[in-house]
1. Quick one: which helices (runs of 4 or more DSSP H) lie wholly within the range 315-398 and hold at least 3 residues that are farther than 30 Å from Val30 by Cα and charged (D, E, K, R)?
2. For the range 41-77, enumerate the residues that are under 25 Å from Ile171 (Cα atoms), touching a strand residue (DSSP E or B) at 6+ places or on another chain (Cβ under 7 Å) and among the hydrophobic types (A, V, I, L, M, F, W, C).
3. What residue, among those in the range 255-266 that are part of a loop (DSSP other than H, G, I, E, B) and within 12 Å of Met369 (Cβ to Cβ), is modelled with the lowest pLDDT?
4. Against the definition (more than 24 Å from the chain's Cα centre (by Cα), under 15 Å from Arg47 (Cα atoms) and either crowded, with 16+ Cβ neighbours inside 10 Å or of a type in the set (Asp, Glu) (or both)), how does Met145 come out, yes or no?
5. If I filter the range 223-237 for residues that are of a type in the set (Asp, Glu), in contact with a helix residue (DSSP H, G or I) (Cβ under 7 Å, 6 or more places away or on another chain), closer than 30 Å to Lys323 by Cα and in contact (Cβ under 8 Å) with a residue 24 or more places away in the chain, do I get at least one hit?
6. Which of the residues that make up the range 345-388 are surrounded by fewer than 23 Cβ atoms within 10 Å (Cβ to Cβ), closer than 28 Å to Ile201 by Cα and among the acidic types (Asp, Glu)?
7. Quick one: in the range 314-344, of everything that is surrounded by 17 or more Cβ atoms within 10 Å (Cβ to Cβ), among the charged types (D, E, K, R) and over 15 Å from the mean Cα position of the chain (by Cα), which residue is nearest to Ala376 (Cα to Cα)?
8. Could you list, ordered by first residue, the pairs with Cβ atoms under 7 Å in which the first is in the range 354-373 and without any contact (Cβ under 8 Å) to a residue 24 or more places away in the chain and the second is assigned to a loop (DSSP other than H, G, I, E, B), at least 6 apart or interchain?
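The values are calculated or read from the model by the stated rules, or taken from the named source; none is laboratory data. Everything numeric in this text was worked out from a predicted model, so none of it was measured. When we count neighbours, we look across all protein chains shown, and the Cβ atoms used for this are built from the backbone with ideal geometry, even at glycine.
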Amino acid sequence: MKKILSLALLAVLCASGIQAQEEQSNKKPVFTIVKELPVTSVKNQNRSGTCWAYSTLSFFESEILKATGKTYDLAEMYVCNKDYMERADVTVRMHGDCDFSQGGSAGDVLITIKNHGIIPEDAMAKPGTMIGDTLANFNEFFSVMTPYVKAIATSKSKTISPQWKSGLQGILDAYLGKTPETFTYEGKQYTPQTFAASLGIDWNDYVSITSYTHHPFYTSFAVEVQDNWRWDHSYNVPMDEMMQIIDNALDKGYTVAWGGDVSDEGFTRQGLGVLYNTKTADGLSGSDQAKWLNMKPAERAHLIDSLGIAAPEIVPTQEQRQKDFDSWELTDDHGMHIYGLAKDQNGREYYMVKNSWGPTGEYKGTWYMTKAFIAARTMDFLVNKNAIPKEIRKKLGI
């Protein structure tokens, strides 16, 4: 009799477990792809703050693929070598009043290519190989380079010689590899400038878009973040039009080089970006004992996962975007590459976004980020001006 009762109890527990698993499974998003544009393979920035280089070169690789049908793998470390020298130069000119760090922006990549050209990945040392690694690793590199630049920029000397640039170039070349003046690709010799000119796109076609109210709409301004050390300008449009530009770009076959904030708990390591409404989510949890703000991070993550596609989202507004930017809650901390649109089983729309952390997460290097998340958390993005709706281009005068 006890054995029968035990077996019955076991059956009930198993059934309950299966039901719980089924309920959890039903809450996981199942995506239907609405639009997916071609992209090159997922790369891994590894231990380097170079998302800006990886995401923007991925974007340009898609632009080239769209224009010519040819697939290229462009060299991120070439861009870093040139860009860090120029950033150091500005830092020294400003006596240290410029943020010298690993980060950057999509504009850095575009301006570097315009100034110095670009090369394929195989034309110089691959990321990490100069220090015996298989991927980029800037830990030792920046621990050497940052004090060097700071020492020059904050020198008490009345004058400095230009020799510091030779020293810095030595550090750059030692850790990133030397940038070639000429190289051979597919049997033809190029310089970085002639190679850039051969890729079939017009480097003057690209513009940066943002959306804030502390500057007039339909004008351009330099977004006031530390990594925009070049003070590169972005065109300012209302939030709704910012989103129209992304949607129109995808509809017309153009991808987007996106920069924004991924510090929200709704941006998960498993491949989702959702603008969770934490107040409503707390109510849905059924817990009166642990309010959202008092939960530990692991508890909040568990609650988010348990709600799945039922988790409520905040409706983004222009006013909240500005408030978050002014209060440092909207930061410029990651660059990614938007290349498609999908829907989950509830009809919620997500952008398909290529990351540069290798084939990680639930979706092997792609993140599904809701339209609400992108609207609220975009700092700025680079796009082909031909992807902008005509009526918005007219307002911007481009």
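1. Hits in the range 315-398: 318-326, 390-396.
2. Cys51, Trp52, Leu57, Leu74, Ala75, listed by residue number.
3. Looking only at the range 255-266, we keep the residues that are part of a loop (DSSP other than H, G, I, E, B), and these are 255, 261-266.
After this cut, where a residue has to be within 12 Å of Met369 (Cβ to Cβ) as well, the list is 261-262, 264, 266.
Values: Asp261: 97, Val262: 96, Asp264: 86, Gly266: 89.
My answer is Asp264.
4. Numbers: more than 24 Å from the chain's Cα centre (by Cα): yes; under 15 Å from Arg47 (Cα atoms): no; either crowded, with 16+ Cβ neighbours inside 10 Å or of a type in the set (Asp, Glu) (or both): yes.
Criteria not met by Met145.
5. Taking the range 223-237 as the starting set, the residues that turn out to be of a type in the set (Asp, Glu) are 224, 227, 232.
Filter again for in contact with a helix residue (DSSP H, G or I) (Cβ under 7 Å, 6 or more places away or on another chain), leaving 232.
Next, only the ones that are closer than 30 Å to Lys323 by Cα stay: 232.
Among the residues that remain, those that are also in contact (Cβ under 8 Å) with a residue 24 or more places away in the chain are: 232.
Yes - at least one qualifying residue is present in the range 223-237.
6. Hits for the range 345-388: nothing passes.
7. Arg321
8. The qualifying pairs do not exist here.
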